[in-house]
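The values are calculated or read from the model by the stated rules, or taken from the named source; none is laboratory data. Since the model is a prediction, treat every value here as computed from it, not as a measurement. For neighbour counting, all protein chains shown are included, and Cβ atoms are generated from backbone atoms with ideal geometry for every residue, glycine included. Accessible surface is based on the protein model in full, side chains and every heavy atom, while ligands, DNA and RNA are left aside. Shrake-Rupley method; radii C 1.70, N 1.55, O 1.52, S 1.80 Å.
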Amino acid sequence: GTGASASEAAERAGASLYVAEQPEDLQWHVSSHRVVAEASARLASFLGHVDTVIAVHGYGRPHLMRSILLGGQDRSVAEIVAVPLIKRLHGYEVLHRLDDIPRVLRGLHDANPVNVTSHGGVQLELPPRLRMRLPEWARHLAPEQRVQRGLLVEGLVDAVGRLDRRLAADTADIGTGP
């Protein structure tokens, strides 16, 4: 699922990771703006030491089954994350313009964790094909899915590197005076 892809990307990129996975038997959606630092010391600690967040979520809409959505208030972060995903995931449309994303999936609420860090963030919404976990016995049935998830992870690793370089450039531009 989303946790596995995020974990692998974070490990390969040397990035921090915070995972909040719903139990499989929980059948209702928990909105991101309800997952707040005040309710979780671990989340508060995570948000306190990271500059930028890429939150990996899942969604399903019949008319968007081949679409990856990049929400959140910081559109510059969405643009940076979009580039390596577009480059790698040719069978998917990467929607990074807010007008193209369904309103409820835009991740714009002020309390959303992607909107509270010092250098912004992006809410990455993945369609079912990019996040499904196959049972071990069925893994040979979906080699395309394994390749696509691998390309997704590569794209996320590349995106983290691009965001790190942007942060380093932004920090270098801040002078401390003589």
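Structural remarks
- With every protein chain in place, segment 46-97: carbon and sulfur % of accessible area (1.4 Å): 56
- Surface accessible to a 1.4 Å probe, SER40 within the full protein complex, Å²: 30
- Trypsin sites (Lys or Arg not before Pro) restricted to segment 66-107 and DSSP loop, no more than 12 other C-beta within 10 Å: ARG66, ARG97
- 5 angstrom amide H check on VAL94, placed H, neighbours 5+ away: ILE68
- Taking amide hydrogens as placed 1.01 Å from N in the peptide plane, the amide H of HIS57 sits under 5 Å from those of LEU124, GLU125, LEU126, each at least 5 positions away in sequence or on another chain.
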